[in-house]
1. Near the amide H of B:Leu93, under 5 Å away, which other amide H atoms are found, from residues 5 or more places off or on another chain, if H is placed in the peptide plane?
2. Arrange A:Val180, B:Val159 by Cβ neighbour counts within 10 Å, fewest through most, would you?
3. Rank B:Ile127, B:Ile345, B:Ile51 by mean-square fluctuation in a GNM of chain B with C-alpha springs under 10 angstrom and give only the top-ranked residue.
4. Kirkwood Rh over Cα pairs of segment B:1-152 into Stokes-Einstein at 20 °C, 1.002 mPa s: D in µm²/s?
5. Local charge sum around B:Arg191 (other residues, Cβ-Cβ under 14 Å, Lys/Arg +1, Asp/Glu -1)?
6. Of B:Pro158, B:Pro193, B:Pro342, which is the most mobile in a GNM of chain B whose springs link Cα atoms less than 10 angstrom apart?
7. When only C-alpha pairs under 8 Å and at least 6 residues apart count, what is the relative contact order of chain B, in percent?
8. To the nearest 20 debye, what is the magnitude of the charge dipole of segment B:90-203 about its Cα centre, counting +1 on the Cβ of each Lys and Arg and -1 on the Cβ of each Asp and Glu?
Amino acid sequence: MLIYKATELVNFAQGDLMMLGAFTCYMFVVWYGLGYWIAFALAMLLVALFGAALDAAVLRRVIGQPQFAVVMLTIGLGAIFRSAASITWGSEIYTLPTPFSAKATRLAGVTVSHEYVAIIAGTVALCAALYAFFTYTRVGVAMQAASQNQLAAYYMGIPVKRMFSLIWAISAGVAAIAGVLLAPVSLIDINLGFIGLKAFAAAVLGGFGSIPGALVGGVTIGLIELLSGAYLPQGFKDVAAYVVLLVVLAVRPQGMFGTVGRKKV
Amino acid sequence: MRFLFKTAYAQDLGLFRDAVQRKTYVALLVALLVLPKLVPDYLVDVTLVFIYGLCGLSLMTLAGYTGLVSLGHAAFLGIGAYAHVFFVHDWHLPWVLSVALAAAVTAGAGVLVGLPALRMTGVYLSIATLAFALIIQEVFTRWERVTGGLKGKPVDKPVLFGVSFANDVAFYFLCLGVLIGALWLTANVLRSPTGRAWVAIRDSEIAAQSMGVNLAIYKTMAFGYSAGLMGVAGALFAHKIGFLAPDIFTVLLSIQFLLMVVVGGLGSLHGAVYGAVFVAMVPVVISQARDAVPAWAATLAGPLGKPAAAGAFQAVDRFVKQPGLEPGIFGLILVLFILFEPLGIYGRWAKIKLYFSLFPLYKRATFRRQRAYMRSERLR
């Protein structure tokens, strides 16, 4: 599971987009009886479209305003999404049936269930794809430019508005994928989004704005959680990620792979 | 437009700008003193406004004046509440001493959070405070000897100097007194060199540093002061709700506090109070609307015939009775304010006032904010 950040936008509604993705997929699979993969693709597309629409309607207005405005805005949006989801789908907890459910493989003496394999494989594939996209394609580089300096990017002929919509679409789509991958493990309910907070820990640990960093950070956080669940008293598992987050922020705020930015006068 | 010419140093030192302002505040105070006689039914809600006002004041000094956005203020409220209850119930300390100790403990926690915060700016800080709040919430759940864990902890009514503040009216005056004291203190701190240093840090850290403001000391002070106020608010809050449980002090509460300062208007003490009124009153309004709105819908659909009216009534009724609606409404309000009135209620009030005092000459550009399109410009 991973939240990716290549833009300057910090999205506190990411976890709620994940939740929306998981619910949409559940709706397609269970209510409309579609296949898992079709539902997966549809959910991703729908949420991505939703992200783009969100940008066009709401978030575009705060471009250029202090980061605080964006943070508050996404927090507000997240609350709206949660409320809308609880009205649409109710507050029950659902399980999403998947092709990998209840199967496990013994690998080198360790039992690994297929769900986790799917999550790991999906995450790695996604990261690789995103990394390639941002490094090698024209659009990806244009996006990075747009996030660095909107004015200069605009002068260079990059359609900044469209780029931002696209960034939001991709970001929402990725969130939907994460939500769907996570759904079989953690069950779907409207508070799925709070797991997204742990993704912040991963992103900060790896360094904001660095895609390999986010991957490494995510794996590290996951490992720390597992280990603290096994070796430390009860209760530590839930907060381990946040403790790590605080320590990292105190010691090395830019994370493992981050860059330090300071205004030059 | 009136121009105020200052002719004596006393005018600069005075807390109020002129006699008119002073009289306005005195009138407000008198109104608040007779309020319990006028609206005895809503007294509990008004008391909550005062406590929220303290919280808003606390977050306003941090977010509105020092520019450090905290997403974990509910944790400070919780620390204050639990510390106070622990001191009063388990150690049997006098009330005033206990509140002071609770404020000190909370301020200490604030400084602890503030120390790593020295190296962070903007979003990192918000995330760090959020993480802190989540950890503290877990601590409230697990540290059963002090907090009572998930079973919760009952709170007695406050007793000051042998006088019980058990009834609502007495507690109302207690909260009012504390709020006025805190407002007076904060207004004075903000006029002092410390307050000016905070504002300088908010506007530009680099400029402040160049002018000789010690970032580390002043940021930590801001955190400590804000957390200390929150501790006092927590003590009152504990008495207000009468029962402490870990699931009160959630992230949602922190977000409500932020909503308060944003809706009220960042960077003004008035804003903190307006925001508190707003946040405390919205649930009341919502619960009233829950009963009223279905009837309106039925009236609207009335011309379409009786079945349509009944259908509208039922549909709307089912919709507004949804439990998840309230946070959504809070979120919606937050989004609308950020989009259309970033300066909050206070900003709107200032604009209206300026419009009339400049009457034909008001221009919208007065309040336009410059936008920063470069990454380096957004770093402060």
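1. HN-HN under 5 Å from B:Leu93: B:Val88.
2. In order of increasing Cβ crowding within 10 Å: B:Val159, A:Val180.
3. Per the Cα network of chain B with a 10 Å cutoff, B:Ile127 tops the list.
4. Answer from the Stokes-Einstein relation: 113 µm²/s.
5. Charge balance in the 14 Å sphere: +1.
6. Fluctuation is largest for B:Pro193.
7. 25 percent
8. 240 debye
The numbers here are math on the coordinates, done by the rules we state, and not lab data. Quick caveat, the model's predicted, so the values are computed rather than measured. Neighbour counts are summed over all protein chains in view; Cβ atoms, including those assigned to glycine, are modelled from backbone coordinates with ideal geometry.
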